[in-house]
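Peer 1: Input: one structure, supplied below.
The values are calculated or read from the model by the stated rules, or taken from the named source; none is laboratory data. In this text the structure is predicted, and so the values were computed from the model without any measurement. When we count neighbours, we look across all protein chains shown, and the Cβ atoms used for this are built from the backbone with ideal geometry, even at glycine.
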Amino acid sequence: MPDLIERTLVLLKPDAVERGIVGNIITRFENVGLKIVGMKMVWVDKAFSKKHYSEHVAKAFYRSLEEFIISGPVVAIAVEGIHAVEVVRKMTGSTEPRQALPGTIRGDFAHHSYAYADNKGTAVKNIIHASDTSENAKKEVALWFTDKEIHTYKTVHEKHVF
Ligand code: CDP
Ligand code: MG
């Protein structure tokens, strides 16, 4: 990949899949010219959740986060583009949908809050996961996708947008 072109991991969490907004969210990434280089539906188990969320395993909210992420299938997407990690996080919005700005995925598709989640003993239902740093993005794409599952092809954006 040329300089400044990165790959990042997006997960459309079980709430997004069950609400039928997967296509809507994928369209947003396509609209800005980001390139889908890998995509699959996966129903993860507890062991895989602990690998993906290794930085959170010891935290108080992990139990409900795990329960949430294994509650149904997720759509995993490897997204490629210029500064893809930063751009996808910007499009994702703040972790708490209550605070996430309109225009972001979390702000436009959810309004759940930490307080409400705590009262109900659930995770914050916030639609999407996006890698937070370039280093974590590399690890997460490698955890979710084999080399064979990452595809090389040319989009028109590489001619007109990049
Ligand atoms: O997903 P993001 O990187 O924005 O947030 P995080 O701090 O890495 O937390 C991972 C996920 O755990 C969040 O997306 C929430 O679904 C969940 N979480 C939660 O349920 N309650 C918290 N107090 C913090 C996070
Ligand atoms: Mg995170």
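Peer 1: Residues being without any contact (Cβ under 8 Å) to a residue 24 or more places away in the chain and either assigned to a helix (DSSP H, G or I) or under 19 Å from ILE26 (Cβ atoms) (or both): count how many of those fall in segment 96-132.
Peer 2: 11
Peer 1: So GLU158 ticks every box in (1) out of contact with any Phe, Trp or Tyr (no Cβ under 8 Å at 6 or more places or on another chain); (2) part of a helix (DSSP H, G or I); (3) more than 13 Å from THR8 (Cα to Cα); (4) within 11 Å of ligand 1 (Cβ to nearest atom) but one. Which box is left unticked?
Peer 2: (4)
Peer 1: Let me ask something else. Answer yes or no: is there a residue in segment 132-147 that is under 23 Å from SER64 (Cα atoms), under 19 Å from the mean Cα position of the chain (by Cα) and β-branched (Val, Ile, Thr).
Peer 2: No; the residues of segment 132-147 include none that is under 23 Å from SER64 (Cα atoms), under 19 Å from the mean Cα position of the chain (by Cα) and β-branched (Val, Ile, Thr).
Peer 1: Residue by residue through segment 74-95, note down the ones that are in contact with a helix residue (DSSP H, G or I) (Cβ under 8 Å, 6 or more places away or on another chain), in contact (Cβ under 8 Å) with a residue 40 or more places away in the chain and either over 21 Å from ALA142 (Cβ atoms) or part of a strand (DSSP E or B) (or both).
Peer 2: Correct list: VAL74, VAL75, ALA76, ILE77, ALA78, VAL79, GLY81, MET91.
Peer 1: Any residue at all in segment 20-36 that's part of a strand (DSSP E or B) and touching an Asp or Glu at 6+ places or on another chain (Cβ under 8 Å)?
Peer 2: Yes; the residues of segment 20-36 include at least one that is part of a strand (DSSP E or B) and touching an Asp or Glu at 6+ places or on another chain (Cβ under 8 Å).
Peer 1: Another one. I'm trying to understand the selection: among the residues of segment 55-69, which are hydrophobic (A, V, I, L, M, F, W, C) and touching a residue at least 40 places away in the same chain (Cβ under 8 Å)?
Peer 2: Selection gives PHE61, LEU65, PHE68, ILE69.
Peer 1: Go through segment 24-83 and count every residue that is of a type in the set (Phe, Trp, Tyr), in contact with a Pro (Cβ under 9 Å, 6 or more places away or on another chain) and either modelled with pLDDT under 95 or within 16 Å of ligand 2 (Cβ to nearest atom) (or both).
Peer 2: 1
Peer 1: Here's another thing I want to ask about it. Which residue pairs have Cβ atoms under 7 Å apart, sit 6 or more places apart or on different chains, and have a first residue in segment 150-162 that is of a type in the set (S, T, N, Q) and a second that is outside any loop (DSSP other than H, G, I, E, B) and surrounded by 13 or more Cβ atoms within 10 Å (Cβ to Cβ)?
Peer 2: Qualifying pairs under 7 Å: THR155/LYS35.
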